[in-house]
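The values are calculated or read from the model by the stated rules, or taken from the named source; none is laboratory data. This one's a predicted model, so the numbers in the text were calculated from it and none came from an experiment. Cβ sites come from the backbone with ideal geometry, for glycine too, and all protein chains shown count toward neighbours. Remember, those area values only see protein heavy atoms, side chains included, never the ligands or the DNA or RNA. Shrake-Rupley method; radii C 1.70, N 1.55, O 1.52, S 1.80 Å.
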Amino acid sequence: MSVALEQHAEALSARFGDTVERVPSRCSELTFEVSSGALREVCAALRDEPEWRYEQLVDVAGVDYLDYGRDEWNTEDATSTGFSRGRSASVRPESYAHYGTESRVGPREGRRFAAVYHLLSVSGNRRLRLRAWCEPGEPPMLDSVVDVWSSANWFEREAFDLYGIVFRGHPDLRRLLTDYGFVGHPFRKDFPLIGNVEVRYDPAKGRVVYEPVSIEPRVLVPRVIREDNRYAPELKDPKRHG
Amino acid sequence: MAEIRSYTMNFGPQHPAAHGVLRLVLEMDGEVVQKADPHVGLLHRATEKLAESKPYNQSIGYMDRLDYVSMMCNEHAYVRAIEKLVGIEAPLRAQYIRTMFDEITRILNHLMWLGAHGLDIGAMTMFLYCFREREDLMDCYEAVSGTRMHATYYRPGGVYRDLPDTMPKYAPSRFRGRKEIDRLNDARSGSLLDFIEDFTKRFPAAVDEYETLLTDNRIWKQRTVNIGVVTPERALNLGFTGPVLRGSGVEWDLRKKQPYAAYDRVDFDIPVGVNGDCYDRYLVRVEELRQSNRIVKQCVDWLRANPGPVMVDDRKLVAPRREEMKGDMESLIHHFKHFTEGYCVPAGEAYAAVEAPKGEFGIYLLSDGANKPYRVKCRPPGFPHLAALEEMTCGHMLADVVAVIGTLDIVFGEIDR
């Protein structure tokens, strides 16, 4: 990470104190986690104060962390002779915690939904990523930043539609991408990939009808998590190799 | 005097000027737009969710189908996001090939835009002219990837294969005489690079042709000047990028400001508008056609002089060549693993953006270390543009809505995803 970016990060940490927390990044990108209560203030300051000047909100992405670090290669069910290449518990203990009964309460302390904001400073030629965890409970809630950046309008509507995140203070929080009368939030990890309903034209009724899906869900390639050390930064460190 | 009430009217989703499946609910006062509420999502295919259920490489083809008139640029963003997380760089020759095809894609996209936008507001000939040149560029796509549109040509670590030495040729048919076939095949007698070079020589004259039809055309100006004006401050706040932002006078182009691929090694200029109306955006895009042509030319020269690998040499990420696979056990295993399980990308998050023809196309990739992405978020440039449609059209006439939709260069493949 460049020196200028590092200084920028330190200045940000100093300015916003404990409302933001720096997250380490693999690829020299700046990421901060913002406490959900302070989100609007921090965003307004990031746009207006002359040392940051993040004029643009490039993207808002909802994320559902329900299955994070969880793979579909269930080695516990395999026979003693099969699937020896599957991952074992020692590989990645913190993600393995998702597996059994204690699943879904892992390193994220039960927090499930987050919104990820990508900011761009045109005058400073910088990017910044903010992640705000939604307040737990159903529906997950966050403050809207539409009055800071108008571009947040549709991005927040999209996150509401696909993840069910309710943005407090949004002027027009309607569904955006899904069908009229759609039920559920399709990008949540517990929403099946094949969906819940299918449509067809019913010649007898003379209209389009909705029915429960008839296809079977299937996984062609299971999710596998292998600790991939080849690209780990500590191995790339020349001092390590002597 | 009769009482006139505002009434609501549906524009689309089946409307030739809606550029796909836009349903626009307009509240009209006479012929003046009071409110515009775009209903999108009719082309929603949940690409991002599908990508979560597939190994990384299998989703490259989905990226083509997002913005289906600037295919390779979408792939570029996706592939760069993976490369960023894995921590590899494509070889320089691959970077040049990507640069060249990104610019070919930009010309493809702008030609499609110019033709369709012209057709929307009354310049029928433009459509025919633009498709003439587009056809040649489609042939470049076909020569390099085998398909005319959905190429799936870029891969993490480079591009799928090197540029071919021959171009496919036209065969005689009862619709085309021998003379015409010979004329068409003349440019196709050499390698792909010869064909592209020939195109770059022909293309500036073609752009002049478009400009004689439009730039000083009285009707064209009446339809576009002072229509859909956006100030630079609003353009930034509304999340505009690409030619729409530059048309408002903000000098911002990722190719210059945050260079990727080989853009820091080629010479080009960024056109910027003054008034931020439809006409300025038109001028910006036409100038971009010329600049893209310049970049393509430079890439052709460099690629001729510098042969080399087009893919990183890493069997954990890239499948071995077929000949190797047939003879070598280890390559066979790599091949099998590559096409079944795929590769695992280390846990982390990355955002990679490219200057797609329509603006900033970004991919936010979140990985938990698996062989499938945990979350892929596409940041389509057209999405915030369409979101601002209401602000841009309020107070304009109904006919101007068509001009504004056209000038935003909307494609529903990327907006609905």
Please report, in cubic angstrom per residue, the volume enclosed by the convex hull of the alpha-carbon atoms of the protein assembly as shown. 220 Å³
Residues losing 50 Å² or more accessible surface upon assembly, region B:370-398, compared with the chain by itself, 1.4 Å: B:K372, B:Y374, B:R375, B:K377, B:R379, B:F383
Taking amide H positions as placed 1.01 Å from N in the peptide plane, with prolines and chain starts having none, which residues 5 or more places from B:R23, or on another chain, fall under 5 Å of its amide H? B:H39
Need one number: convex hull volume per residue for region B:220-297, Cα atoms only, in Å³. 79 Å³
Build a GNM of chain B with springs between Cα atoms under 10 Å: which of B:N217, B:N371, B:N226 gets the top mean-square fluctuation? B:N217
Largest to smallest principal axis extent of the C-alpha atoms in region B:113-260, angstrom: 53, 44, 24
What do you reckon, how do B:R294, A:R218, B:R417 stack up by accessible area (1.4 Å probe), largest on top? A:R218, B:R294, B:R417
With θ set to phi - 60° and the Karplus curve 6.51 cos²θ - 1.76 cosθ + 1.60, what are the ³J(HN,Hα) couplings of region A:119-134 in order, to the nearest whole Hz, using x for Gly and Pro? 9, 9, 9, 6, 6, x, 6, 9, 10, 8, 10, 10, 10, 10, 7, 6
For region B:1-146, take the alpha-carbon Rg, divide it by the Kirkwood Rh, and send me Rg/Rh. 1.11
Taking only the alpha carbons of region B:271-360, what extent do you get along each of the three principal axes, in Å, biggest first? 63, 37, 17
So what J values fall out for region B:121-131 if you push phi through Karplus, 6.51 cos²θ - 1.76 cosθ + 1.60 with θ = phi - 60°, rounded to Hz, Gly and Pro as x? 10, x, 10, 4, 4, 3, 4, 5, 4, 5, 5
Solvent-accessible area per residue for region B:263-374 (1.4 angstrom probe, square angstrom): 37 Å²
Which residues' amide hydrogens lie under 5 Å from the amide hydrogen of B:G249, considering only partners 5 or more residues apart or on another chain, with H built in the peptide plane? B:G273
The protein assembly as shown: antiparallel DSSP beta bridges as a percent of all, rounded to 5: 90 percent
Round to the nearest 10 and give me the degree value, 0 to 90, for the angle of helix B:278-305's Cα axis relative to the longest principal axis of chain B. 20 degrees
Most to least packed among A:3-10, B:396-403, B:332-339 [average Cβ atoms within 10 Å]: B:396-403, B:332-339, A:3-10
Compare B:G327, B:G190, B:G12 in a GNM of chain B, Cα atoms joined below 10 Å, and give the one with the largest fluctuation. B:G327
Viscosity 1.002 mPa s, 20 °C: Kirkwood-radius Stokes-Einstein D of region B:321-417 over Cα pairs, µm²/s: 126 µm²/s
Principal axis dimensions, largest first and in whole angstrom, of region A:179-220 by Cα: 36, 24, 11
Accessible area buried at the B-A interface, both sides summed, 1.4 Å probe (Å², nearest 100): 5400 Å²
Residues whose placed amide H lies under 5 Å from that of A:D59, excluding near-sequence neighbours: A:H118
Considering only B:A352, B:A143, B:A94, give the residue with the highest GNM mean-square fluctuation for chain B, with springs between Cα atoms whenever their separation is below 10 Å. B:A143
Whole-percent carbon and sulfur contribution to the accessible surface of region B:347-417 (1.4 Å, no ligands, DNA or RNA) stands at 61 percent
Taking square-rooted eigenvalues a ≥ b ≥ c of the alpha carbon gyration tensor, is region A:1-72 rounded, prolate or oblate, where a/c under 1.5 means rounded and, failing that, a/b exceeding b/c means prolate? prolate
Could you give me the ³J(HN,Hα) list for region B:214-220, computed from phi with Karplus coefficients 6.51, -1.76, 1.60 and θ = phi - 60°, whole Hz, x at Gly and Pro? 10, 3, 9, 6, 4, 5, 4
For chain B, what is the mean residue ellipticity at 222 nm derived from helices alone (per DSSP H run of n ≥ 4: -39500 (n - 2.57); sum divided by total residues; nearest 500 deg cm²/dmol)? -15000 deg cm²/dmol
P(r) for chain B: what percent of alpha-carbon pairs falls in each 20 Å bin, starting at zero? 26, 55, 18, 1, 0
Given a 1.4 angstrom probe, what's the average accessible area per residue across region B:201-257, in square angstrom? 43 Å²
